[in-house]
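The values are calculated or read from the model by the stated rules, or taken from the named source; none is laboratory data. Just so we're clear, the structure is a prediction, and the values are computed from it rather than from any experiment. Every residue, glycine among them, receives a Cβ derived from its backbone with ideal geometry; neighbour counts consider all protein chains shown.
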Amino acid sequence: MVKNTANQSVPKYFKPARGTIIDYYRQVLDRRKWKNYLVITYEDKFDGYNNVFKFLQSVKKKIPFDYDTQLREHIIMKHNEAYVNHGRDGLVHDYFLHDHHTLHHVLCSKRPDTLELMTKPIKHKEKITKYITIYRNWYYE
């Protein structure tokens with residue numbers, strides 16, 4: 001079992017964050033010095049966007065609705081928002097437009113198990129259509 005710098009055990013599929021895309025977003029996103037990240041990358045090769053919200057709205061319409069996954073993500077987000085200021089749990093997230101075809105949704109968590117629960121079963125790459133692909137990468141510091 002691998003451990004991050006906060007001495008928490010992280011699963012084997014978590015990758016070290018140094019020298020990756022996390023270096024660009026860590027300073028902006030992680031003011032609390034949390035060490036666990038999930039980067040969900042949406043790639044839409046059909047349309048181009050100049051706005052994060054238009055990109056997200058369009059891609060969410062094109063992805064088939066999965067009730068169980070949406071409910072799990074909603075519960076995890078709301079649970080962590082309730083405890084984020086009390087020091088027990090914590091989850092912050094933000095969207096970053098990489099280029100006009102790529103959007104990164106970066107989640108930063110106090111605990112690695114919070115990010116593990118976001119996607120079950122674990123799917124590192126999911127091809128939705130021939131134009132839309134979702135990549136999920138977990139990182140630790």
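Worth pointing out:
- Test result for I75, of a type in the set (V, I, T) and touching a residue at least 24 places away in the same chain (Cβ under 8 Å): no
- Just one residue in the set K110, K62, K120 is exposed (fewer than 13 other Cβ atoms within 10 Å of the Cβ) and of a type outside the set (S, T, N, Q); that residue is K120.
- The set of residues from the range 48-69 being free of Cβ contacts under 8 Å to residues at least 40 places away in the same chain and in contact with an Asp or Glu (Cβ under 8 Å, 6 or more places away or on another chain) comprises just one member, S58.
- Residue check, T20 under 30 Å from M1 (Cβ atoms), in a loop (DSSP other than H, G, I, E, B) and among the hydroxyl-bearing types (S, T, Y): yes
- Residue in the range 1-59 that is nearest to K130 (Cα to Cα), counting only those that are at pLDDT below 85 and among the charged types (D, E, K, R): R26
- For Y49, the conditions (1) in a loop (DSSP other than H, G, I, E, B); (2) among the aromatic types (F, W, Y); (3) closer than 17 Å to G90 by Cα are fulfilled apart from (3).
- Number of the exception - V10 against (1) closer than 15 Å to S109 by Cα; (2) out of contact with any Phe, Trp or Tyr (no Cβ under 9 Å at 6 or more places or on another chain): (2)
- Scan of the range 26-46 for residues that are in a helix (DSSP H, G or I), surrounded by fewer than 18 Cβ atoms within 10 Å (Cβ to Cβ) and not polar (S, T, N, Q), ordered by number: V28
- Counting residues in the range 119-139 that are aliphatic (A, V, I, L, M), in contact (Cβ under 8 Å) with a residue 60 or more places away in the chain and touching a Ser or Thr at 6+ places or on another chain (Cβ under 9 Å) gives one or more.
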